[in-house]
Amino acid sequence: MRPKVTCHRRICGFIALVLVLALPGVWSPTAAQSQSMAFKQGVAEAAVMDRSIADYFRQRAYAPLWTDTAKGAARRVALLRALDQASLHGLPEQRYDLDVVFDALRTARSEKDLGRVEVALTKVFLLLARDMQTGILEPRKVVRAIKRDIQTSKTDALLDAFVASDPARFFATLAPDSAEYRSLLRQKLRLEKTIALGGWGATVPVQKLERGDRGDAVIRLRTRLETMGYLTQSSVAKYDRTIEAAVREMQADHGLEVDGVAGISTLEELNVAATARLKSVLVALERERWLNSAETRSAKRRSTRQILVNLTDFSARVLDAGAETFYTRAVVGKNSKDRRSPEFSDLMEFMVINPTWHVPRSIAVKEYLPKLRANPNAASYIRLVNSRGQVVSRDTIDFAAYDRSSFPYSMKQPPSKSNALGLVKFMFPNEYNIYLHDTPHKKLFGRETRAFSHGCIRLSDPFGFAYHLLAVQEDDAEAFFASKLATGRETQVDLEEPVPVHIVYRTAISDAHGEVGYRRDVYGRDDTIWKALSQAGVSLPDVQG
């Protein structure tokens, strides 16, 4: 009696695939047989709805990829292993339904059937490879404010690369090669293990807890911090310095005010279930794959320096060779329909010192026109300009005669310390009219949540940001900047090497040590993306806590 062998359904299926192709008397195609009319007809019929696959086999004179007895077996095994590991990347296994392939294998009795098998395996390979490389969703179709066009690899490019590579190593080259992606994968495994063990335990009653407090709520807080890894196990029932230090660490990891006091916002974040955090990680993995599209890969190749703006973290960073070299707090778009900051990538080309603020028409007619109708002298710092570019005196205008659609003037604010853009703006010209800039309103940077702008990104330390960018092209960046600022005139300074800018939205993010922290879903975009991932088959363990 043979011993019982158990394995993953997909592994068993592919092992059967490999063995069936090796059985004597079933198939053992030679190159000549594989290029027979029957084989070609099988390929043509199976690829009738996918011209790119049909063209690829035609261009290679119908030489088999998967069903020859030598290289084909190694490719099948490599595909087997990659499919078995798809869930490790947060990809839904059922998306790669191999039943069609298995049916084709079980019923194959001719060279024509073999051609059908070639196409079936090729389709599964292409789907998995593209999903690993650039994700399973089209971001613009899920959230309109995500202005990313995913450029997937072409069929012939992917297959040629696979054929030219070691099959076992090829799939490792597809997923994003970034420290962020690797950190998210590790966190995914940790969270899954936590969830399997029952989660982080009982939640803490939402109330204010601080050093010196005692009672059941403090015990729950201590236990929650222990299971999350911020404390070693103890029986202390008092909110002491050790608990306070753990709360501070947790607050830093979650972008909260670091004061060591477990207030409402801290406890709300502490009480978020492990399954919800896993959801954030799975969404972040998909978002990282979007950044792995051909467009952004090309931008990254052009420069080892990147500018990363994370809307949920209210921050802007400069990364050099992957390491953070500059950080500043940021204010992002307000959470309202027409003010949320979009997500996209572009190239920062220049900065403008002492900028003029050309008021967007939407702001001019929605915010300033009502004020001017009530008081023609309101917002006296704003100049009105006619269609010929001439500044017009307010005394000659009857503001009551105009509405939003008929108002014929544009508005601008000349350079000054009180200019809405502050004293410098950083430009990566784009159709969304989004840029980074200074602001005279500094108090907002002290807030925990900083979503207040009309969509552009305000920087807490714009001068430091300017110095950092200019340091690679000026011997004394600060002196150079100060000399331009002192003129009071609008001055454009080009960056000799344009820098890729990525405006992203990550509720799960890693630090320099690869430890993952979390941020609030300020615009609700991750929730929308998660729903789309769920519809595509991604699922969570059914454990709360």
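The values are calculated or read from the model by the stated rules, or taken from the named source; none is laboratory data. Computed from a predicted structure; not experimentally measured. Note that each Cβ is placed from the backbone with ideal geometry, even for glycine, and that neighbours are counted across all protein chains shown. Calculation scope for accessible area: heavy atoms of the full protein, side chains included, ligands and nucleic acids excluded. Shrake-Rupley method; radii C 1.70, N 1.55, O 1.52, S 1.80 Å.
Numbers at a glance
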read-out	value
Model label zone, residue 208; criterion: amide N under 14 Å from point 7 Å along Cα-to-beta-carbon; scope segment 223-260	259-260
Selected from 364, 385, 421, residue furthest toward positive end of dipole (segment 350-436; charges at beta carbon)	421
Rounded tilt (10° steps) of 274-290 against the dominant C-alpha axis of the chain	90
Share of carbon and sulfur in the accessible heavy-atom surface of the chain [1.4 Å probe, %]	50
Cα pair distances of segment 84-137 binned at 10 Å [whole percent]	23, 46, 24, 7
Per-selection metrics, segment 220-367 (Cα): Rg and Dmax in Å	20.5, 62
Residue-level accessible surface for residue 447, protein heavy atoms, 1.4 Å, Å²	120
Size of the chain as Cα extents on the principal axes (Å, biggest first)	95, 70, 52
Most to least accessible of 304, 328 (protein chains only, probe 1.4 Å)	304, 328
Rounded to 5, the percent of DSSP beta bridges in the chain classed as antiparallel	80
Simple Cβ-charge dipole of the chain, Lys/Arg +1 and Asp/Glu -1, about Cα centre, in debye nearest 20	1020
Computed over segment 473-545, Kirkwood Rh from alpha-carbon pairs, angstrom	17.6
Modelled FRET efficiency - R0 51 Å, residue 71 with residue 252, Cβ distances, 0.05 increments	0.50
Volume per residue that the Cα convex hull of segment 344-480 spans, once the total is divided by residue count, Å³	152
Contour minus Cα-Cα distance for residue 103 and residue 273 (0.36 nm per residue)	57.0 nm
Residue order for 101, 206 - accessible surface, 1.4 angstrom probe, largest first	206, 101
Hydrodynamic radius of segment 122-267 per Kirkwood, over alpha carbon pairs, in Å	19.2
Compactness relative to 2.2 N^0.38 Å, alpha carbon Rg of segment 61-201	1.23
Separation of the residue 127 and residue 142 label points, Cα + 7 Å toward Cβ, nm	1.8
Rounded to the nearest 10 Å², the accessible area of residue 228 at probe 1.4 Å	40
Between helix 216-227 and the chain: long-axis angle, C-alpha atoms, 0 to 90°, nearest 10	50
Over segment 46-182, relative contact order from alpha-carbon pairs under 8 Å, at least 6 apart, %	28
Counted charge near residue 119, where neighbours are those whose Cβ lies closer than 14 Å (Asp, Glu -1; Lys, Arg +1)	0
Mean Cα-pair separation over length for segment 156-259, i.e. relative contact order, pairs under 8 Å, 6 or more apart, %	18
Two-site label geometry, residue 535 and residue 393: point separation in nm, points 7 Å out along Cα→Cβ	6.0
Inter-probe distance in nm under a simple model that places probes 7 Å from Cα toward Cβ, at residue 338 and residue 373	1.4
Relative contact order computed over the chain (Cα-Cα under 8 Å; 6+ residues apart), in percent	17
Rounded accessible area per residue of the chain, 1.4 Å, Å²	48
Accessible area of residue 441 in the full protein assembly, 1.4 Å probe (Å², nearest 10)	110
With Cα atoms, 0 to 90° folded angle of helix 71-84 axis to the chain main axis	50
Entries in 123/193; 443/484; 193/337; 154/279; 40/71 that, when Cα-Cα distance is taken, lie over 28 Å	123/193; 193/337; 154/279
Farthest positive-ward along segment 160-311 dipole, Cα basis, beta-carbon charges - from 172, 274, 243	172
Solvent exposure ordering (accessible area, 1.4 Å, most first) of 371, 238	371, 238
